[in-house]
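Undergrad: I am attaching a structure below and will ask some questions about it afterwards.
Readers should treat all values here as calculations from the given coordinates under stated rules, not as data from a laboratory. Note that the coordinates shown come from a computational prediction; the quantities given were computed from them, not determined experimentally. Here the Cβ is made from the backbone with ideal geometry for all residues, glycine too, and neighbour counts use every protein chain on show.
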Amino acid sequence: MGQLAACDVGGTFTDLVVLDDTTGSVSFAKSPTVPERPADGVRNAIAKSSLSVSEAAAFLHGTTLGINTVLEGKGAKPGLLTTKGFRDILEIARMRWPKFLMHYAKPAALVPRYLCKEVTERLTAGGEELQPVDDDEVRRVVTELVSEGVEAIAVCLLHAYAHPQHETQVGEIIGAEFPDIAVTLSHEASREYREYERAVTTVIDATIKKRMSEYIDELDGWLRQENFAGGLFISRCDGGVMSAEAAQRRPVRTLISGPASGVMGCVQMSRWLELPNVIGIDMGGTSFEASVITGGEAVTTPSTEIHGYPLLVPVVELATIGAGGGSIAWIDSAGAMEIGPQSAGADPGPICYGRGGTEPTVTDAALVSGLLDPGRFLGGDMRLDHEAARRGIEEKIANPLGVSVAEAATGIFEVAEVKMAATLEEVTVKKGFDPRQFTILAYGGGGPLVACSLADRLSAPTVLVPPSPGTFSAWGALTLDVVHDFAATAVAPLDDLEHDELRNAFARLCEEADNELAREAVPRDRRSLLLSIDMRYDGQEHVLSVVVGDGLGGELDSLRLRQMFDERHNAAYGYTTADPIEVTAYRVRAVGALGKPRRSELEAADHGDEATPSARRRVTDFRGGDLRDYAIYDRALLKAGHRFTGPAIVEEATSTTVVPEAREVVVDRFGNLLITAR
Amino acid sequence: MAEASNTKDERKLDPVTFAVLRSGLTSSAADIHWVFKRICTLPILYEGNDYGAAVYDSRLNCFSSSAAAPLFSGALDDCVRALVEEIGVDSLSPGDVLFTSDPGLHGCHTPDAPFVEPIFHDGELVGYAALRCHVGDLGAINFYPTTSTSSYQEGLMVPPIKVYREGELNEDLIRLVRANSRMPMETAGNLMAAAAAVHAGRDRVLRVIREYGLDAYVSAVEGMLDHGETVARQRLADIPDGAYRIEDSISDDGVNIGEPIKLACTVTIDGSTMTVDTTGSAEQVEGPYNCPFGSTLAAARYSLTKLIGADAPSGGGQYRALEVVAPRGSIYNPIIPPAASWNSYLATVRLCAMISNALAPALPDRVPAPHAADYPMLLAMLEDPKTRRPSFFAMDTGTGLGGIKGADGASALVNEIGAGVEITPAEVLEVRHPVLRHRLELVTDSGGAGEFRGGLGAVMEYEFLGNGIGMSTSDGIAPWGLAGGLGAPGRDEVIVYPGTDKELRLGKASDIPLSAGDRQILITAGGGGYGPPWRRDVEKVIWDVKNGYVSRHAAETLYGVVFDADGELDREATEAKRSDLEGAALDPVAAQV
């Protein structure tokens, strides 16, 4: 299929990864992001890369343009229409604020109060019309908004998630009278209940629509000029991509798509290696992120929050803590050591970067402990200043605490690990997943540094380090499929639902899903539908989502669903009850499979399976301060079939893998390091 | 790893190991919190956060306390102690979960009951994981009494008992509770959910002990307590010494209507110690507004944390810097068993507000003008006309915060003791309960005028779709202004059957008969203003008027910002009006309504 390219526009850099499918080789290019004209940044990255646009079969594109447009207030000037009585929904929000405060500044409402207008109309939760839409009033208030200079209107009426008729009616009036105004109806943005969250989601969609649409047109136009004949796909927050046209129609789905690529890379690995349960860990400069894959699927959650604003769209679930390499170690006023949440980030970064950082960080601690080689960081591109890091830890941590530098350094690292382990427990143990049945897949520059130690803390048997962990996220973007999520909130007792009702609820969603895939020109044999259903014990609020199968073929029987729910609840919380179960929502994830990067195989070791270390290094062991001898392996020299035992360190351009004494490494035929307990 | 021995000094962990263990142990109560939030029943819990968790060592020192409702976890130690003493520490086994609903033991109203799991490591008792939650309905005289005169009217009294005995569910207790509850399924569900949740705290502690050893754990807990105390004392030392006294009142006790109840509080900062003394407050009252000492303690502890900052290490260490004095037999330390079903919703809320407000002269840059110091709620028990099942709901609402030097107060936030609570969306509420929310709006001009304006109050209007009973809990103050700012014009109000012949404006009442079609309105007060209103930036006043936060009339009369007939700013008139106002120097006390 020629070349496949994925391009991610981040806050600082625009990253491009190109796969040559004939050779299987993957190459990377990076160029500074151009905030005012992001398409220029993309073009610059392409110019620096091996991509030949005219030969590319597909161009997958993730962008932060949407969220930046919202945060910088550069979107279309928005107005909001709500049900009568609810104009203050954005400002009142959920009346929540943090504890133990004398004063609190609420996040600013996305639409000022004078541009929030009401429509006389009312439906009940069951869809009964208590008050019809007052058409004349709609015309009047929209005229007022337009005369105030409003360019985009969000319409969020009560119960439209299930009963969109009033919103549709309002949308038609606006469309007929003011065809130039961008309009988003809340049921188009989300089919979930919770009016405040849906209103925010709708406003964001409406306000970024024009800018996103122009940007995508510009990019598409330029690509076509360069004789691009493939498909342009835009990344979504749920771990998939969609056509450019779909992204222009529903831009809110493009928000926060970046972190999902790494997770979807894990999904691909999990399927290839037939490891159904995977915990993905990504440790970068500023944060540590963990995700869970079960049964070969990423766990998604129906909503998220970004910069204090809720988004009612499905996202790949990621637990994040600020415990990356840049997290700062400090001593509080009472003399106790703490790590983070402040981070030195990438700039100035850790002391050892020599870019002006003065506070000791987790990376400094790793260097001083001997885990990192100052001369080989980033493949030798950046020489780390070991002495400065040592001095920083000595002055800021070791001396005030009255301990040795070695103890301080290992201590900093260990506290960071305890926090990361707690994050992993959050996504596993506390959600009813037993980490003993999971493989930890480590990526990002720092993931492999901590993976084995975290695996020990969680009793996870195996650690998997893919080739080039530092670029794994970018590679993951090449594995994305076309995805569209469909949901219907419909709360009802499970016992009351006959087989046909369950089937019909899904059938409607499946039809919509299939139509969408058809619209995206996904061939029939590449379409699949994943059905799940949200349930809870009557009286509970939080739901557990149970996967009921692929397509409508499965048995949709309420007894079987009850059994599946009881099992999940019991696994998660250790008990079941005989009380009624309530269904709250039906979900269908429509997937259109795109071509996958080929798996390149590693040359096999020819002389036995014993790998030869390239060096040995003295490393400070945890919790003792004793120096120990670690064998150092150069990953570029490892061949398929090689095996060796810890204590060892594997070094490569983008990452460092630490293998403790009690573990053994096997290199599989695809070049992955599989690290198991001896 | 550090070796531990018996003398205290030698037991001290090296600072690095201490940092590692502290990271692990600090979050153990949060583990309980999150598990419970996911599986509990009743909106009052999963939306209303009517619970709190804490984890203790074997001597009942709290080393981790959860982020749900601070008043629920703030003084859980006394209640765990009482429960363990009654059952007998020698009768505890691994896998037990203890429970009681006796307010004489647990220090709250009957259904706010504790669940305690002793934590055993290799047969040795090493700590307790505890949760207190509003467990559901235990068959009080009505579903949430405001007129009860004894705790016997406030629900089934369960003496200290094991819900789980060595991991086995006590089915008889579940049957007993079910038989005594208007909501058997939800209440029994919470019993099981609570037990599942405390396991999460236990597991965290045991993981730490398995990894680092028992001695290190014991030393780490001791170190955490010392550390918390040190930080608290350092921060208290920054507050000017003095005895800061304030008085307040509650309008009545719900039984003796119209007879105000005096409240008083003296906050003394003496070096690095803070004392909260409620001497001068009324004797214990007949109605259900008494505040058992445990709740008084929890309110004072909450206030301490607010004062020294949530970033200070949480738990028992900081409490060592606090003394709480409440004369026995008074409303803040009643003799058991008093009627107390409303303790945490009024007397404690008021105590927290009094402590802050008392410190305004000491901390003029940090203490804002007051808020309504009330916890207004809509509570109703209706029969769902479709399912014929009883439907209980409690719906919080928010008031405006006071202005503070440099910033306006926020509008419509749940009272500080409930911070973290989210109000239920209309769409969720209307799916679950036979009710319609018709309005949720900010109230123009409800914030106290000031250079930094008070936040606005909100109005909520409901229509009931089933028959049943409702209640009203409102008893707020009219917030006053600070530093020349004006007070808010009103206090919280509840209107039942609005616009009909039988319209009622209520403070506290229970057993309000409700029929399908009846309505109820909650209107909340804004916060007090800070600084003279005529000093407020004119552009801000123009924005306030454009957005309807302030009416044109108020802009002119209170802020001295005058608009012409076209709605444009009249600069000359504004200047003149502002200098008049400056000269008149509005008396902030007189501005209190």
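Undergrad: Relative contact order for segment B:28-144: what percent, with Cα pairs under 8 Å and sequence separation of 6 or more?
TA: 26
Undergrad: Over 25 Å apart: what share of the alpha carbon pairs of segment A:528-670 falls there, rounded to a whole percent?
TA: The share of Cα pairs beyond 25 Å in segment A:528-670 comes to 58 percent.
Undergrad: Go through B:Tyr462, B:Pro43, B:Gly531 and say which Cα lies farthest out towards the positive end of the charge dipole of chain B; charges sit on Cβ, +1 for Lys and Arg, -1 for Asp and Glu.
TA: Highest projection toward the positive end goes to B:Pro43.
Undergrad: As an exercise, identify the GluC sites (Glu not before Pro) in segment A:52-126 lying in DSSP coil whose Cβ has no more than 11 other Cβ atoms within 10 Å.
TA: Of the GluC sites (Glu not before Pro), the ones in loops of segment A:52-126 whose Cβ has at most 11 other Cβ atoms within 10 Å are A:Glu72.
Undergrad: Go through A:570-583, A:460-473 and give me the packing order, highest mean Cβ count within 10 Å leading.
TA: So the peptides A:570-583, A:460-473, ranked by packing, come out A:460-473, A:570-583.
Undergrad: Enter the mean projected area of the convex hull around the alpha-carbon atoms of chain A, in nm², rounded to one decimal.
TA: Taking the Cα atoms of chain A, their convex hull projects to 31.8 nm² on average.
Undergrad: Just the Cα atoms of the protein assembly as shown, one point each, no solvent: what log10 I(q)/I(0) does Debye give at q = 0.08, 0.09 Å⁻¹?
TA: -1.01, -1.30
Undergrad: Whole-Hz Karplus ³J(HN,Hα) for segment B:223-238, in order, using 6.51 cos²θ - 1.76 cosθ + 1.60 and θ = phi - 60°, x for Gly and Pro?
TA: Listing the rounded values in order: x, 5, 5, 4, 5, x, 5, 4, 4, 4, 5, 4, 6, 5, 5, 6 Hz.
Undergrad: By DSSP, what percent of the beta bridges with both residues in segment A:80-157 are antiparallel, rounded to the nearest 5?
TA: 20
Undergrad: Let me ask you something else. Label points 7 Å out from Cα along the Cβ direction at B:Ser93 and A:Glu129: separation in nm?
TA: 6.6
Undergrad: To check my understanding: the extent here is largest minus smallest coordinate of the Cα atoms along each principal axis. What are those three numbers for segment A:609-678, in Å, largest first?
TA: Here the spans come out as 37, 25, 21 Å, largest first.
Undergrad: For segment A:130-243, how big is Rg over Rh, using alpha carbon atoms and the Kirkwood form of Rh?
TA: Computed over Cα atoms, the ratio is 1.06.
Undergrad: Still on this model: Provide the packing ranking of A:431-439, B:395-403, A:171-179, i.e. peptides ordered by the mean count of other C-beta atoms within 10 Å per residue, highest first.
TA: B:395-403, A:431-439, A:171-179
Undergrad: Moving to a separate point now. Give me a single rounded figure for B:23-33: the average over its residues of other chain Cβ atoms within 10 Å of their Cβ.
TA: 3
Undergrad: To the nearest whole number, what is the average tally of beta carbon atoms from other chains within 10 Å of the beta carbons of peptide A:122-128?
TA: 3
Undergrad: While we're here: Please state the relative contact order of chain A as a whole percent: Cα pairs under 8 Å, 6+ residues apart?
TA: 11
Undergrad: Counting Lys +1, Arg +1, Asp -1, Glu -1, what net charge surrounds A:Ser468 among other residues with beta carbon under 13 Å of its beta carbon?
TA: Taking every Cβ under 13 Å from that of A:Ser468, the sum is -1.
Undergrad: Using the crude model of +1 on Lys and Arg Cβ and -1 on Asp and Glu Cβ, and no other charge, please compute the dipole size for segment A:346-480 relative to its Cα centre, in debye to 20.
TA: That gives a dipole near 280 debye.
Undergrad: Measure nothing fancy, just the Cα-based angle from helix A:135-147's long axis to the longest principal axis of chain A, in degrees from 0 to 90, nearest 10.
TA: The angle comes out at about 50 degrees.
Undergrad: Among A:Tyr630, A:Gly574, A:Leu556, whose Cα projects farthest towards the positive end of the dipole of segment A:489-634, with charges put on the beta-carbon of Lys, Arg (+1) and Asp, Glu (-1)?
TA: Positive-end residue among those listed: A:Tyr630.
Undergrad: As I understand it, the dipole of chain B uses +1 on the Cβ of Lys and Arg and -1 on the Cβ of Asp and Glu, about the Cα centre. Which of B:Thr278, B:His371, B:Leu173 lies farthest toward its positive end?
TA: B:Leu173
Undergrad: Follow-up question, since we're still on this one. Give or take rounding to whole Å, what are the principal axis extents of the alpha carbon atoms in segment B:218-323, in descending order?
TA: Reported extents, whole Å, longest axis first: 52, 32, 19.
Undergrad: To continue, here is another question. Just how far, in whole angstrom, is segment B:476-498 from segment B:66-94 if you go by their alpha carbon centroids?
TA: About 38 Å separates the Cα centre of segment B:66-94 from the one of segment B:476-498.
Undergrad: Of the DSSP beta bridges with both residues in chain A, give the percent that are antiparallel, rounding to the nearest 5.
TA: Looking only at bridges with both residues in chain A, the antiparallel portion is about 70 percent.
Undergrad: Taking θ as phi - 60°, what are the ³J(HN,Hα) couplings along segment A:179-185 by the Karplus curve (6.51, -1.76, 1.60), each to the nearest whole Hz, with x for Gly and Pro?
TA: Whole-Hz 3J(HN,Hα) from phi for segment A:179-185: x, 8, 7, 6, 10, 10, 8.
Undergrad: Follow-up. Considering every residue in A:416-426, what mean count of other chain Cβ atoms within 10 Å of its Cβ is obtained?
TA: Per residue, the average neighbour count from other chains is 4.
Undergrad: As a test, work out the antiparallel percent of DSSP beta bridges whose residues both lie in segment A:1-150, rounded to the nearest 5.
TA: Of those bridges, close to 60 percent are antiparallel.
Undergrad: Rounded to whole Å and sorted largest first, what semi-axes of the equivalent ellipsoid does the C-alpha gyration tensor of segment B:475-543 yield via the square root of 5 times each eigenvalue?
TA: The equivalent ellipsoid of segment B:475-543 has semi-axes of 35, 14, 7 Å.
Undergrad: Turning to a different aspect of this structure: Magnitude of the Cβ-charge dipole of segment B:66-131, K/R +1 and D/E -1, about the Cα centre, nearest 20 debye?
TA: It comes to approximately 220 debye.
Undergrad: Treating the Cα atoms of segment A:539-618 as identical point scatterers in vacuum, please give the log10 of the normalised Debye intensity I(q)/I(0) at q = 0.23, 0.24 Å⁻¹, two decimals.
TA: Calculated log10 I(q)/I(0) at the listed q: -1.24, -1.28.
Undergrad: Once the other residues with Cβ under 10 Å from the Cβ of A:Leu594 are scored (Lys, Arg +1; Asp, Glu -1), what is the net sum?
TA: Residues near A:Leu594 contribute +1 overall.
Undergrad: Next question, about the same structure. Give the order of A:Asp500, A:Asp609 when sorted by the count of other beta carbons within 10 angstrom, beginning with the fewest.
TA: A:Asp500, A:Asp609
Undergrad: Moving to a separate point now. Take A:Leu90, B:Leu569 and order them by how many other Cβ atoms sit within 10 Å, fewest up front.
TA: Ranked by crowding around the Cβ, least crowded first: B:Leu569, A:Leu90.
Undergrad: Extent of segment B:485-593 along each principal axis, from alpha carbon coordinates, in Å, largest to smallest?
TA: Computed over the Cα atoms, the extents are 56, 33, 21 Å.
Undergrad: Using the Cα centre as the reference, give the magnitude of the dipole from point charges on the C-beta atoms of chain A (Lys, Arg: +1; Asp, Glu: -1; all else neutral), rounded to the nearest 20 debye.
TA: 1300
Undergrad: Another one. Please rank A:Arg249, B:Arg210, A:Arg43, fewest neighbouring Cβ atoms within 10 Å first, as an exposure proxy.
TA: Ordered by Cβ neighbours within 10 Å, fewest first: B:Arg210, A:Arg249, A:Arg43.
Undergrad: Determine the equivalent ellipsoid of segment A:517-569 by diagonalising the alpha-carbon gyration tensor, then write out the semi-axes as square roots of 5 times the eigenvalues, largest first, rounded to whole Å.
TA: Ellipsoid semi-axes (Å, largest first): 29, 13, 7.
Undergrad: Still on this structure, please answer the following. Ignoring everything except DSSP H segments at least 4 long, calculate the 222 nm mean residue ellipticity for chain A; use -39,500 (n - 2.57) per segment, divide by total residues, nearest 500.
TA: -9000 deg cm²/dmol
Undergrad: Right, next: Any chance you could list P(r) for segment B:289-419, counting all Cα-Cα pairs in 5 angstrom bins from zero, rounded to whole %?
TA: 2, 9, 15, 18, 18, 15, 10, 6, 4, 2, 1, 0
Undergrad: Given the convex hull over the Cα atoms of segment A:1-90, what projected area results after averaging over all orientations, in nm²?
TA: Result: 8.1 nm².
Undergrad: Right, something else. Rounded to whole Å, give me the distance from the Cα center of segment A:237-281 to that of segment A:22-52.
TA: 20
Undergrad: Let me ask something else about it. Treating the angle as unsigned and between 0 and 90°, give the value, to the nearest 10°, between the Cα long axis of helix B:184-212 and the longest Cα principal axis of chain B.
TA: Around 60 degrees separate the two axes.
Undergrad: With r defined as the distance between the Cβ atoms of B:Glu503 and A:Glu36 and R0 fixed at 51 Å, what FRET efficiency is calculated, to the nearest 0.05?
TA: The calculated FRET efficiency here is 0.30.
Undergrad: For segment A:225-300, what is the convex hull volume of the alpha-carbon atoms per residue, in Å³?
TA: 136
Undergrad: Distance check, please: which entries in A:Lys74/A:Lys431; A:Lys106/A:Lys209; A:Lys117/B:Lys508; A:Lys77/B:Lys540; A:Lys99/B:Lys405 exceed 29 angstrom between their Cα atoms?
TA: Where the Cα-Cα span goes over 29 Å, the pairs concerned are A:Lys74/A:Lys431; A:Lys117/B:Lys508.
Undergrad: Tell me, what is the Rg over Rh of segment B:436-551, with Rh the Kirkwood radius over Cα pairs?
TA: 1.10
Undergrad: Where does the charge balance sit around A:Ala488 when Lys and Arg score +1, Asp and Glu -1, over other residues with C-beta under 11 Å from its C-beta?
TA: It works out to a net charge of 0.
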